[in-house]
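Here's the structure, in structure tokens; my notes come after.
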Amino acid sequence: MAADSPQQNVFAAIIDEHYIEEPKLVQLLSAPPAKITIDGKEITIKRTAYATDPVTGKPFARPTTIYDAALQLGINIPILCHREHMTPVAVCRFCVVELEGQYRLAPACQRQVEAGMVVKTIATSDRVKNAVKILTELLLADHDTPREAHKEYGENELRVIARQLNLDPHSSRFPRTARDRGHDESSIVIAVDHNACILCDRCIRGCGEIRNNQIIGRMNKGYRARIAFDLNEPMGESNCVSCGECMVSCPTGALTNRKFVLPQVTERQTNVQRITVEELAPHPLFQGVSKQFLGWNEGAIVRRRFKAGEMICREGEFGNSAFIIESGQLEVFIAAPMKHVKARKNRGKGDKVNRGLFGLVRRFTSSLVSTKDDRIDHRDGGASGHPQRYIPIDAPVSLNFDDPVATLTADDLIFGEMSCMNNYPRSASVRAKTDVVVLEILRNVLYILQRNKKSKAMLDEVYRRRSIEGHLRSVPMFSNLMRDEDRFRQFLEDFRERMTLVRLNPGEVIFRQGDAADNFYLVKFGFVKVSQKQPGGEHVLSYVGPGGYIGEIGLLSEIPEIAALAPPGRRVATCQALDHVDLVKITGAAFQEILAKFPEVREQLVQVALDRLHENEVSRQRAETTSMGEFVRQGLMNAQSLLVLDLTKCTRCDECTKACADAHDGVTRLIRDGLRFENWLVASSCRSCLDPYCMAGCPVDAIHRKKTREMVIEDWCIGCGNCAKNCPYGNINMHGFEVQEEDPNHPGHQMAVVKQKATMCDLCSELDGKPSCVYACPHDAAHRYSGDEFRKIVEGRQR
Amino acid sequence: MLIRRNWREHLPWIIVILAISVVSIYWYGVLAAETPWDRRPKGSDLALFVFGIAGGSICLFEFLLWPRKRWRVLRLGPTKVWMRAHIWLGLLAVPLLILHSGFYFRNFEATLLLVLFLIVILSGVWGLILQQIIPQRMLAEVPAETIYSQIEHVSNLLVEEGDRLVIATCGVTKATEAEPATALITAREEEALLAAAAASTHYTVGAVRQVGGVQGMVLESKPALQPVPNSEPLRDFFNQTAARYLKRGAESRSPLVDPTQARILFSDLRLALDPAAHEAVAALENLCDQRRQFDRQAKLHYWLHNWLWVHLPLSLALILLMFVHIYKTLQYWWPG
């Protein structure tokens, strides 16, 4: 709807003092007051009025409109698209008034007062009343009912006006619009119902003028017109900072607060204190967030007080909140034993040999044991645990492999973001070292903080200042660098400021195979799915979690060995965020500088890149040269010892599974299920799945793929069970080990608890090398083959 | 044990038992020829006694397969070798014990023993025949086969998966308390499912996929869908029909038991829904198809194993009766 002629219009909104220099406004400020009549009542009014900026709270001057004058007289003019602190755009025309001597109805929100004006409003003019009624009915017809509007929004301003005009707010004599303009639920905090939108533009002005974010605009025309985010991106994928101003501004609930997670606070919790918006407002982290928005999420932020020694969260527990440290010191640690789990023959306790008939039988059995002596870190090919190895956790610090304890203070600001955003288990236990005060926030609040300009800047700054060191220590590519602490510090000082945090929503593509390589990324939290197009389809190479990195190959093309295997300067795989992912971006230039200045990092990176490329090349060549693409894609070619069941012979007696259980303390590691090749069922320890989903979600990055593509569980597994839950074939099992842990009810005392650790089938390789499942199969259905042997058998069958 | 495919491995056994059988029959024939017409060879004659000892020992050995299976991890030779011996020696015992009887069937206890033995052998042979046929039928007819004892558990997982699929497609709305799906899943589970669905950024869908000769249960991780408008018919269909079927299979007496009716129902459902929801309908149809296969699997599994209900108890009875027979024979020899 077009605005009135330019001479009558008020110019764009004034939101701070600078605009006061605008000549027209200066002229108005010095102009004499105007005397006008509204509905028979006279008023003499200044030519400029003051409105309050909702963000700064400061008053600002703007030309006085008929609407302002009517307000002063106590006359109610209905408004829908207008708010006093926004630039009037007069698109809804609900505020139209009749001006004496003029044929056209004028919008009161926009028409500036002039001396001698005689105005009739909806209260006295039938013409105006009819016009507004028709408008209301038309909008009601176009305005679909938003979902649960009564719960989420409160009062719908359009319906209020309809009631005032004695209209039914839920129906219209005009036919409803048939076209579905759609919903957008991509944002975690704001739901958009385009059908409920009346295109009043209040959200657009709220976003652009008040918050200066310029994310929302209009798209399309006519019946297809609707609001859009950036270049018509889904809201959650746009640059929206989730300030909430659009929701606050929306008159119909088309933009509503989603309230994903209900507050967890109950009155029984004595250490919990509800916190009001007023209390939160001075907190620097919340200063950029709209107060009203915070009010809607009031229950999602609580203050918790912990006495020294009290546990705040425990490793392995599922959490949906993060903690902002206000005061005190906290101890972060991994309580699960840092031990290597393996199967061992039962030979009696210590040197004692099992005797007697039962002892004899027992000597043929085996059990799982955990040893501290032969811990292995497979992240760089299975070398023994590096003395400087660190375990990535969901906090600003990483834990030393040998002494997994660290301290957090208020300077570290926040921990638990990954559990909060992605519902992962807690990666470590946190205990109050001194008396501690924290703010516990739920997911929607953290989401807002991570996107709000001010809060984001603060979080990023804290990351650069405090967390980056811990994070880099957990990245294996820096392990050689960490041998010399001075060199590591120098690296930190040189590059600290050149690392930027990037936040991604689930499904967002970081780069695609074939794109030009520009940046290098370290994964701070969340999981990145790495896939590659290979003959026969897309192959998921890996899931890269906290402590991992992506994008190095395309930036290493000046290395001749790498240039021989990868297209120069191009990405060799597609990387996509599986869930909410935080990446640390290092630009290509900074990356090259790192390589030049720190040869030890370069050496490690090149080696890993070459390994990855060789592995991919071998896999690709095999896929091309064999007719059994699927066989190769499953990674079976690389397998050393597959457990294969001939299903034409197998009578499903489950003797194999029972034998496995008998050999492993009654806990079977074999589930007689899996992929089939012709009549063969492959039930190996790990199929190195096409999509190794078990890797996604490990909060401490303890599950990896070996060079042979088999999965391996590192010794720092905290036993949360996520990998076992995610493994579709049940090849990962949880096994309990008794450990001593501090009694939470009696600080200072130890108690025995059973800690779980994830274990996988090793085909009895640590026993006598004869898998019990094969040995116990009475029908000659279970066999053990290498990948190549098995391929020949299947190919022979196909011929 | 499938014999046809690995007959070469069984050939030595076949040759040996045939040779022993021929030798035994020959020996019996010689004995019978030497014996006057007015009396038949008896069990106490050397040849028949040897047959009895051999046959009894074989029966005892056959019975030892049970403890061998019980102590699976003992390295006493691969169980498949025990099984081969079980099959062929069991068959060898037939001529030996029949010859041992001397074709004299007036003694009730000895005759009962022989009849019992033959029933055990026949049930074993019946089981062996079934093992040549049913595993292959199962392979062909049940691509979604799971572990038999886990069918109930996997069916529950199918219900959960279906519920997640419906929530991802229709949005998070609490099902009414009276709905069948709610009755199948406890209120707490429902809460947990709803919370998980609301909080999750991605969900997984499982299906049986076949590419050439490769087939199996494949899981795919997908970003959480934006709810499809007007997709409530899918939720209703799931709650009222599909969930019960997924949970109970053929016992539910659902129309989905019949594949033709199921196809019609799913076609109707597709017509009632936005095309954006058709992917979810296909996934749900796939889940129902898996459940149908589980029913088929249960039926085949029953036939594959039900002969054991005859074979095992009668084997035990046979062994007991055999000892009675031995005791009575010894008593006859040494009456004092």
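The residues of the range A:439-562 have, on average, 33 Å² of accessible surface per residue, using a 1.4 Å probe with all protein chains present. Using the Cβ-Cβ distance between A:Arg489 and B:Glu279 with R0 = 41 Å, the FRET efficiency computed as 1/(1 + (r/R0)^6) comes to roughly 0.20. Distances between placed amide hydrogens fall under 5 Å for A:Gly288 paired with A:Ser455, all partners being 5 or more residues away or on another chain.
Only protein atoms count toward the accessible area here, which uses a 1.4 Å probe; on the range A:482-567, the carbon and sulfur part of that area reaches 48 percent. The 1.4 Å probe gives accessible areas that order B:Ile14, A:Ile75, largest first, as B:Ile14, A:Ile75. Beyond 25 Å in Cα-Cα separation lie the following of the pairs A:Lys649/A:Lys792; A:Lys291/A:Lys585; A:Lys658/A:Lys757; A:Lys585/A:Lys755; A:Lys529/A:Lys585: A:Lys291/A:Lys585; A:Lys585/A:Lys755.
For B:Ala33, the shell of other residues with beta-carbons less than 15 Å away shows a net charge of -1, using +1 for Lys and Arg and -1 for Asp and Glu.
Solvent-accessible area of B:Tyr104, all protein chains in place: 120 Å² (probe radius 1.4 Å, heavy atoms, ligands and nucleic acids excluded). Among the residues of A:673-682, the average count of other protein chain beta-carbon atoms within 10 Å of the residue beta-carbon is 5.
Among the residues of B:135-148, the average count of other protein chain beta-carbon atoms within 10 Å of the residue beta-carbon is 4. The length gained by stretching the chain between A:Glu615 and A:Leu73 to full extension, at 0.36 nm per residue less their Cα-Cα distance, is 187.1 nm. Heavy atoms of chains A and B lose about 4700 Å² of accessible surface on contact, summed over both sides with a 1.4 Å probe.
A simple spin-label model places the labels of B:Ile264 and A:Asn232 4.3 nm from each other, with each point 7 Å out along Cα-to-Cβ. Taken residue by residue and averaged, Cβ atoms of other chains lying within 10 Å of the Cβ of A:649-658 number 6.
Using heavy atoms of the protein chains and a probe of 1.4 Å, the accessible area assigned to A:Arg224 is about 140 Å². With a 1.4 Å probe rolled over the protein heavy atoms of all chains, the accessible area of A:Asp484, A:Asp403 falls in the order A:Asp403, A:Asp484, largest first. Full extension of the chain between B:Tyr327 and B:Ile133 yields a length gain of 65.7 nm, computed as 0.36 nm times the residue separation minus the alpha carbon distance.
The values are calculated or read from the model by the stated rules, or taken from the named source; none is laboratory data. These figures come from a predicted structure and were not determined experimentally. We place every Cβ from the backbone using ideal geometry, glycine too, and count neighbours over all the protein chains shown. With ligands, DNA and RNA removed, areas are computed over all heavy atoms of the protein, side chains included. Shrake-Rupley method; radii C 1.70, N 1.55, O 1.52, S 1.80 Å.
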